[in-house]
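Data first, discussion second: the structure below is written as structure tokens.
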Amino acid sequence: MALPKKIAMATVASLCLATHAMAGELTVYTAVEAEDLKRYAEEFNKAHPDIQINWVRDSTGVVTAKLLAEKNNPQADVIWGLAATSLLLMKSEGMLEAYAPKGVEALDKKFVDKSTPPAWTGMDAWVAAVCFNTVEGEKLGLTAPTSWKDLTKPEYKGHVIMPNPNSSGTGFLDVSSWLQMFGEDGGWAYMDALHENIARYTHSGSKPCKLAASGEIPIGVSFAFRGAKSKADGAPLEIIVPSEGVGWDMEATAIVAGTDNLEDAKTLVDWTITKEANQMYNTGYAVVAYPGVAKPVKYFPENLTEKMIDNDFEFAANNRKTILEEWQKRYDSKSEPKS
């Protein structure tokens, strides 16, 4: 007997929904570097071919703003690869689903949220550094800087590029670390002086070092791993660890509260903290969450971990909006146009 048309359509719709649910589909927001993202997707799919990931990738600032704007109507299921300072902010807004991934006890405790169960877990850390092109520096008669304060010297006017903290997690860790190291008044006074020497602000954390590596600018404020990678590729770079200490942040992972795909989200997050996943992160980062995994990186500064400041992530997260608004008001005139 033929089914009535309405029932038949409902049955087809139900079957489609059931098939869709069985297939396993997640929307994942990320600020992972584009060159690393393809590898992440491939490695996860090898382990879990039944779960399809729809990636939404942009810079840290854009992804953070998008998640906050969607707070009351979340579109993402999982955040995989966003600055811990951003996730701390979302935690305080009640936007994250607390979850202890299987095997989380194996991670370095610095990389795990202190709540029980944790709201987020860290993947890897990136650490600030200065990339100095020795060939271009010599042409211009510049001496290599040894400190953050050195970058405010008149000889460097127009020769420094750094990331915009509204777009880049690296830019934000620089700014928040200077405010911690030099105090609030001292930090803004330092950035006022530095701004005089800035050629432009980029929207990518790795770009200043890439530009220094190619000789477009002698000095790029970036992160150490990018400098080491460029130097290993033959760029005439000196990777400088400023004497006052360096800021750092973690890429981290979390489940978005209210997801309709909680079990698949947990499966993904379980995988993101495995030894295999951390070995994958080590391709792009020298410091990872799983102890004993990180291999020595050629040209990575030996004293860098000693120079990592005792980063107050709560300060950075709680004051993020105010810091970024103040920075934009003072310095945004030199930012690159957004592509």
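The values are calculated or read from the model by the stated rules, or taken from the named source; none is laboratory data. Here the structure is a predicted model, which means the values were calculated and not measured. FYI the Cβ positions are ideal-geometry reconstructions off the backbone, even for glycines, and counts take in every protein chain you see. With ligands, DNA and RNA removed, areas are computed over all heavy atoms of the protein, side chains included. Shrake-Rupley method; radii C 1.70, N 1.55, O 1.52, S 1.80 Å.
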- Message: Quick check: Cα centre of the range 226-258 to Cα centre of the range 81-158, how many Å?
- Response: 7 Å
- Task: State to the nearest 20 debye the size of the charge dipole of the chain about its Cα centre, where the only charges are +1 on K and R beta carbons and -1 on D and E beta carbons.
- Result: 580 debye
- Query: Which lysines does residue 307 reach when only Cα atoms under 18 Å apart count, and residues fewer than 8 places away in its own chain are ignored?
  - Reply: 110, 149
- residue 50 versus residue 110: modelled label distance in nm, points set 7 Å from Cα along the beta carbon direction: 3.8 nm
- Over the range 43-192, the quotient of the Cα radius of gyration and 2.2 N^0.38 Å is 1.33
- Task: Starting from the Cα of residue 325, step 7 Å along the direction of its Cβ; do the same at residue 138; then give the gap between the two resulting points in nm.
- Result: 4.9 nm
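Can you send over the carbon and sulfur percentage of the accessible area for the chain, probe radius 1.4 Å, protein chains only? Could you put the intermediate results ahead of the total?
Details: 8190 of 15430 Å².
Using a 1.4 Å probe with all protein chains present, the chain comes out at 53 percent carbon and sulfur.
In Å², what does the accessible area per residue of the chain work out to with a 1.4 Å probe?
46 Å²
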- State log₁₀ I(q)/I(0) for the range 300-339 at q = 0.27, 0.29, 0.30, 0.32 Å⁻¹ as given by the Debye formula over alpha-carbon point scatterers of equal weight, solvent excluded. -0.85, -0.90, -0.93, -1.00
- Relative contact order (percent) for the chain, with alpha-carbon contacts under 8 angstrom and 6 or more residues of separation? 24 percent
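Scan the range 254-332 for trypsin sites (Lys or Arg not before Pro) in coil per DSSP, keeping those whose Cβ has at most 14 other Cβ atoms within 10 Å, and list them by number.
Details: sites: 266, 275, 298, 307, 320, 321, 329, 330; in loops: 298.
Those that pass, being in a loop and sparsely packed, are 298.
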- Note the listed values (1) 90, 41, 37; (2) 61, 42, 37; (3) 65, 63, 37, then indicate which one is Cα extents along the principal axes in Å calculated from this particular structure. (1)
- Given H placed on each backbone N at 1.01 Å, which residues far from residue 308 in sequence or on other chains put an amide H within less than 5 Å of it? 246
- DSSP-defined beta bridges in the chain - what % are antiparallel, rounded to 5: 60 percent
- Query: When the helices in the chain are scored as -39500 (n - 2.57) per DSSP H run of 4 or longer and the sum is shared across all residues, what 222 nm value do you end up with, to the nearest 500 deg cm²/dmol?
  - Reply: -12500 deg cm²/dmol
